[in-house]
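Report on the following structure.
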Amino acid sequence: GIPQTAAGRMPILQVHARNLNIDRSGDGKWEEDAFLHRVADLTTGFSGAEIANLLNEAAILSVRRNKETMDINDIEAILEKQAIGLVSAPLEDGWGKEHVAIMEAARAVIYSARPKIAPDVLQVSIRPRGSQISGVILNERSPEVELELHADDGPDTLKYYIESLAVMLAGRCAEYVFFGSDGISIRTNEELAGAAEMAFDIVTSSGLYPDKKVLPMMDPIMLHEFKIPRKGMEDGTRDVMTRAHKRGIELIKEYRPLIERVASELLENERVYGSQVRDMVQKYEATLENKSTTPSYADDIVDVLTITEA
């Protein structure tokens, strides 16, 4: 059968990696086999045979790249090929290519800066693969990693939902910040439509709009009492989208220097792997004096207590 957890995939990885040239050392999280633990997180839904094939293909690729040891970039390259097929002709140089690079770099950076909201970035590219622009390829995390990420979150809040919408709108907000209102393209229409649909659900069904700090604890059957009347749905959705767009612009401005760096890498090399983007985000955030964070339930509770005390 298919191993359902990262822990279940580790013994399989260790068996098939026995004769491969890989780094078996640990890191800040794992005492040993940090590389294999990362591969285990990336291979949710893989069978034992698929895991073995992945390692073998990555080993061959690392040899072709004249590397002493296989690393996570080799794994990501094989996963990328499996996900979206073979590369086709590159984009032509010019304004359009730079526009795509900024848009995709923004998505990759903001997704990586908000791991509690977005899945892991496997790769970001401006080179067409198959029938479409590759864009950002995402990889779902293992259940164990998701549980660890959200262990201290508490219930969802309106601020968290708006932050999630802002992350969804990263491409559209990047177009606005870098190119102005006249630079908005149809490439971001899909994310805009998806965000609007989610905003509508937040307004009509979450029980948190407008601006409830804490979701009332009550029987779900009674939640209809906290829904917005139909006549207020459009105004509420527009309000949430406006706030999400404003927050998205703030995120783009906060990470603008890094977005420009990743876009430059894309223009030069046409792709950047997710592990590289995450490393760049981590180093960039270390330089920020007032780094923003993902809103949490605890933050809203503090706000409520502060207002009450005042």
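The values are calculated or read from the model by the stated rules, or taken from the named source; none is laboratory data. Note that the structure is a prediction, hence the values are computed from the model and not measured. Cβ coordinates were reconstructed from backbone atoms using ideal geometry, including for glycine residues, and neighbour counts include every protein chain displayed. Calculation scope for accessible area: heavy atoms of the full protein, side chains included, ligands and nucleic acids excluded. Shrake-Rupley method; radii C 1.70, N 1.55, O 1.52, S 1.80 Å.
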note = Quick count over the stretch 31-78, residues being open to solvent by 20 Å² or more (accessible area, probe 1.4 Å) and hydroxyl-bearing (Ser, Thr, Tyr), is 3
inquiry  = For the stretch 148-172, give me the residue count where each residue is surrounded by 16 or more Cβ atoms within 10 Å (Cβ to Cβ) and in a helix (DSSP H, G or I).
reply    = 14
key: All positions within the stretch 150-172 that are in contact (Cβ under 8 Å) with a residue 24 or more places away in the chain and of a type in the set (A, V, I, L, M)   = 158, 162, 165, 166, 167, 168, 169, 170
remark   = Subset of the stretch 104-126, residues modelled with pLDDT under 95 and among the aliphatic types (A, V, I, L, M), comes to 117, 118, 121, 122, 124, 126
ask   = Going by the conditions given, is residue 24 of a type in the set (Lys, Arg) and within 17 Å of residue 76 (Cα to Cα)?
value = no
message = If I ask for residues that are aliphatic (A, V, I, L, M) and open to solvent by 10 Å² or more (accessible area, probe 1.4 Å), which ones from the stretch 234-265 would you list?
response = 241, 249
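Quick grid of which residues meet (1) surrounded by fewer than 23 Cβ atoms within 10 Å (Cβ to Cβ); (2) part of a helix (DSSP H, G or I); (3) at positive phi; (4) in contact (Cβ under 8 Å) with a residue 40 or more places away in the chain:
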{"residue": "146", "(1), (2), (3), (4)": "yes, yes, no, no"}
{"residue": "174", "(1), (2), (3), (4)": "no, yes, no, yes"}
{"residue": "178", "(1), (2), (3), (4)": "yes, yes, no, yes"}
{"residue": "182", "(1), (2), (3), (4)": "yes, yes, no, no"}
{"residue": "190", "(1), (2), (3), (4)": "yes, yes, no, no"}
{"residue": "199", "(1), (2), (3), (4)": "no, yes, no, yes"}
query = Restricting attention to the stretch 231-271, and to residues there that are modelled with pLDDT under 90 and in contact with a helix residue (DSSP H, G or I) (Cβ under 7 Å, 6 or more places away or on another chain), which single residue is nearest to residue 101 (Cα to Cα)?
reply = 237
